[in-house]
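Quick note: the coordinates plus some simple rules give every number you see, no bench work behind them. All figures in this text were calculated on a predicted structure; none of them were measured in a lab. Neighbour counts are summed over all protein chains in view; Cβ atoms, including those assigned to glycine, are modelled from backbone coordinates with ideal geometry.
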Amino acid sequence: MNYTLGLLTLFLSSFVFAQTDFKLPSELSEISGLEKWNDSTLIAINDGGNDPILFLLNLSGQITRKIIVSNATNIDWEALAIDENYLFIGDFGNNMNERKDMCLYRVNRSDIATLNEVTAEKMSISYREQKEFPPNDHERYFDAEAMTFFEGQLWIFTKNSTKPFDGISYIYTVQFEANQTKTLSKTAELKLNKTSYLKDAVTSACADEHSIILSTYNRLIKLDFPKQGLSKSNIYKYPHIQQVEACACLEDRSYFISNENHKFLGPAKLKLLKLP
């Protein structure tokens, strides 16, 4: 793979989606990661401070199974990614940009399919560009809530919390290697708008065969990879600001997004967005 990424700007477009909402059970009030498991099942996690549990859900958001990851700790689980053989968990939530113990977990899919308690392989990670813990306010690029598996590797998109806010997400790509410690070098920068953390900080990612879909708190963004480089466009703007923490791509131009329980924004929900 050899794409020209660089510093990217946003081409504006949008599509009209049909939307169906499902209320999530209270056990997933802090949902932070979501992936498609198969055509009838999703898999989800809660974020930091919760038990290290994988939740299998039907397409209405009801829990059908719970799987304990017995040798992992949920310090700040924020994202899931999946390939043919493994589920990957990103324990790299870093709100204050001061963590030195970030890691990725990898769980065998066949174990998840058959067992109620599984073990995970672990790879510790850090970012080469981060020199201070925490860095100065204008250099706070090292929180992350978005990860997906695309074209043979994991893609991590960081969540910008710079002051002043500059709309830039760092992109890191990595191959998982169990029991290793990797210092990741920035692959590229993705430039969104300089509006605010609530509108243009990346909160989740998923992938289909040809594209990566990102979510912020106010829209979905599609990244395409033609031969000449990377292009991106808005494909859906939420009716209002929502604490969207996870997304999953289906095969029929449909997307699930989920949001945490919030005292002002309402209960945790799963939303199915479908292109006409």
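What ranking of 177, 35, 129 emerges when the number of other C-beta atoms within 10 Å of each C-beta is taken as an exposure proxy, fewest first? Spell out each step's value before the answer.
Working: 177 12, 35 25, 129 16.
So the ranking, lowest neighbour count to highest, is 177, 129, 35.
Please compute the length gained on full extension between residue 243 and residue 264, using 0.36 nm multiplied by the number of residues separating them and subtracting their Cα-Cα distance.
Working: separation 21, 0.36 × 21 = 7.56 nm, distance 1.03 nm.
So the chain would gain 6.5 nm between residue 243 and residue 264.
Could you work out how much longer the chain between residue 166 and residue 65 gets when fully extended? Use 0.36 nm per residue separation minus the Cα distance between them, nm to one decimal.
Values: separation 101, 0.36 × 101 = 36.36 nm, distance 4.12 nm.
Once the chain is fully extended between residue 166 and residue 65, it gains 32.2 nm.
Report, ordered by chain and residue number, the aspartates and glutamates lying within cross-link reach of residue 186, taken as a straight Cα distance under 15 Å and ignoring same-chain residues fewer than 8 apart.
Straight-distance partners of residue 186: 129, 139, 143.
Could you list 76, 51, 39 so that the one with the fewest beta carbons within 10 Å of its beta carbon is first and the one with the most is last?
Numbers: 76 22, 51 12, 39 9.
Fewest to most other Cβ atoms nearby, the residues stand as 39, 51, 76.
Could you tell me the extents of segment 20-118's C-alpha atoms along the three principal axes, largest first, rounded to whole Å?
Extents along the principal axes: 38, 30, 20 Å.
Between the alpha-carbon centers of segment 64-117 and segment 192-241, tell me the distance in whole angstrom.
23
Using Cβ counts within 10 Å as a stand-in for footprinting exposure, how do 89, 156 rank, fewest first? Numbers along the way, then the final one.
On the way: 89 25, 156 28.
So the residues, fewest neighbours to most, are 89, 156.
Checking a compactness column here: for segment 62-134, what do you get for Rg(Cα) / (2.2 N^0.38 Å), N being the number of residues?
Details: Rg = 14.0 Å, N = 73, 2.2 N^0.38 = 11.2 Å.
Normalised Cα radius of gyration, segment 62-134: 1.25.
Trypsin sites (Lys or Arg not before Pro) within segment 203-276: which are DSSP loop residues with at most 12 other Cβ atoms inside 10 Å? Intermediate results must be reported in sequence, preceding the final value.
Working: sites: 219, 222, 227, 232, 237, 253, 263, 269, 271, 274; in loops: 227, 253, 263.
Taking segment 203-276 and a limit of 12 other Cβ atoms within 10 Å, the loop trypsin sites (Lys or Arg not before Pro) found are 227, 263.
Looking at the P(r) of segment 199-276, how many percent of alpha-carbon pairs lie beyond 16 Å? List each step's numbers first, then the result.
Numbers: 1452 of 3003 pairs.
So the pairs more than 16 Å apart make up 48 percent of the total in segment 199-276.
Pairs on different chains or at least eight residues apart, Cα atoms closer than 23 Å: how many lysine pairs in segment 8-148 fit? Present the calculation step by step, with values, prior to reporting the outcome.
Working: 23/36; 23/66; 36/66; 36/122; 66/122; 100/122; 100/131.
The result is 7.
Send over the Kirkwood Rh of segment 100-144, from the inverse of the averaged 1/r over different Cα pairs, rounded to one decimal Å.
After inverting the pairwise mean of 1/r, the radius is 13.1 Å.
Connecting C-alpha atoms closer than 10 Å in a GNM of the chain, tell me which of 188, 44, 207 has the biggest fluctuation.
188
How large is the direction-averaged shadow of the alpha-carbon convex hull of the chain, in nm²? Could the numbers behind the result be given before it?
Working: hull surface 53.6 nm².
Spelled out: convex hull of the Cα atoms, projected over all directions, averaged, 13.4 nm².
Could you tell me which trypsin sites (Lys or Arg not before Pro) in segment 37-131 are loop residues by DSSP with no more than 12 other beta carbons within 10 angstrom of their beta carbon? List each step's numbers first, then the result.
Working: sites: 65, 66, 99, 100, 106, 109, 122, 128, 131; in loops: 99, 100, 128, 131.
Counting only loop positions with at most 12 other Cβ atoms within 10 Å, the trypsin sites (Lys or Arg not before Pro) in segment 37-131 are 100, 128, 131.
Based solely on its DSSP helices, what 222 nm [θ] is calculated for the chain when runs of n ≥ 4 H residues each add -39,500 (n - 2.57) and the sum is averaged over all residues, nearest 500 deg cm²/dmol? Intermediate results must be reported in sequence, preceding the final value.
Working: 2 runs with 10 residues, N = 276.
It comes out at -500 deg cm²/dmol, rounded to the nearest 500.
Projected area of segment 100-238, taken from the Cα convex hull and averaged over every viewing direction, in nm²?
Numbers: hull surface 39.5 nm².
That works out to 9.9 nm².
Given segment 135-211, report the % of alpha carbon pairs whose separation exceeds 16 Å. Mind dumping the intermediate values first?
Details: 1531 of 2926 pairs.
For segment 135-211, the share of Cα pairs beyond 16 Å comes to 52 percent.
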